[in-house]
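Undergrad: Dropping the structure in here first, questions after.
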Amino acid sequence: MNQHLFILAESRCGSTWLQETLNSHSDITMETELLNPHHRIERYSAFLQRLHKINPLIKKLINRTICINNVEELKKELKKHETKYSGCKILFRQLLKQYYTNNSINMSSQFFHHFPECRIIFLERKNILKAETSMAMCAKYNLFHTTKNVKETGSVYLNPVFLYKRLELRQAYKNTTRTLLSKLQIPTISTSYEDMFGNPQDFLDKASKFLDIQSEWKYSQLKKIAKRPLSEYVENWHEIRNFLKGTPHEEFCTE
């Protein structure tokens, strides 16, 4: 019987890179976002098909872009795999939606009660302003992931009020998920976008030890899209910096 492994992450934090890299290991089958809303499935499926010929690491994911409606369906899907670990990526908001949708304060914790002895990789992005800017750029230029060295994208305009609400929501999702995990005492290894990409091999070595498997990884071929300072991607950078001054999010304006 295989064990369950979940990536709990926020959006635009390198979770797809991590998922593909984990999936390269012979002892792991890591599904995509099985709790993804239906309207995103078709787009993600098309993305996988485009990458299939040039990225062998995602071969396991083809035809696996389905939407799971409940925990029992998820358990059934994960039982199909014969690797030591099987699991999927779950965004913070997707996990917490289990709680809000069912109107029960215990729903998120009950989710993990269906997967005893599971292990979790908690992945966050320290600078959530960069994450939100990345989201805006992806939406504007329709470029979420790429395996090619693409030309630099342009900049985006960020509505200060909307951005602040997004930062508050993102922080709330992260803090609530972290609190949930601490209460459940589930074996967890934590990292961040900044630390993981700062030294990917060091993190993967720690992950190997955490999972008690050999360190035999093939890095995902996904490329980083934004490489310039954050201020160069935000058209109204001075407005954003002034708006966030004196708030808990002011620190994210420091580059």
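Undergrad: Looking at region 202-242 only, could you name the residues that are more than 19 Å from MET30 (Cα to Cα), outside any loop (DSSP other than H, G, I, E, B) and within 22 Å of the chain's Cα centre (by Cα)? Spell out how you get there, then give the answer.
TA: Taking region 202-242 first, the residues more than 19 Å from MET30 (Cα to Cα) are 202, 223-242.
Among the residues that remain, those that are also outside any loop (DSSP other than H, G, I, E, B) are: 202, 230-232, 234, 237-242.
Listed by number, the residues that qualify are ASP202, LEU230.
Undergrad: To continue, here is another question. Based on this model, can you work out whether LYS151 counts as free of Cβ contacts under 8 Å to residues at least 24 places away in the same chain, closer than 26 Å to GLN19 by Cα and over 22 Å from the mean Cα position of the chain (by Cα)?
TA: yes
Undergrad: Next up: Looking only at residues that are in a loop (DSSP other than H, G, I, E, B) and among the hydrophobic types (A, V, I, L, M, F, W, C) in region 120-144, which one is nearest to GLY198 (Cα to Cα)?
TA: Filtering region 120-144 for residues that are in a loop (DSSP other than H, G, I, E, B) and among the hydrophobic types (A, V, I, L, M, F, W, C), the one nearest to GLY198 (Cα to Cα) comes out as PHE144.
Undergrad: Report yes if LYS151 is part of a helix (DSSP H, G or I) and either of a type in the set (Ser, Thr, Tyr) or on the phi < 0 side of the Ramachandran plot (or both), otherwise no.
TA: no
Undergrad: Kindly provide the set of residues from region 84-128 that are at pLDDT below 90, hydrophobic (A, V, I, L, M, F, W, C) and crowded, with 17+ Cβ neighbours inside 10 Å, ordered by number.
TA: Result: LEU95, LEU96, MET107, PHE111, PHE112.
Undergrad: Here's another thing I want to ask about it. If you check LEU169 against the conditions, is it closer than 16 Å to GLU10 by Cα, in contact with a strand residue (DSSP E or B) (Cβ under 6 Å, 6 or more places away or on another chain) and modelled with pLDDT of 90 or more?
TA: Here the answer is no, as LEU169 does not meet what is asked.
The values are calculated or read from the model by the stated rules, or taken from the named source; none is laboratory data. Nothing here was measured: the structure is a model prediction, and the numbers come from that model. A quick note on method: Cβ atoms are made from the backbone with ideal geometry, for glycine too, and the neighbour counts reach across all protein chains shown.
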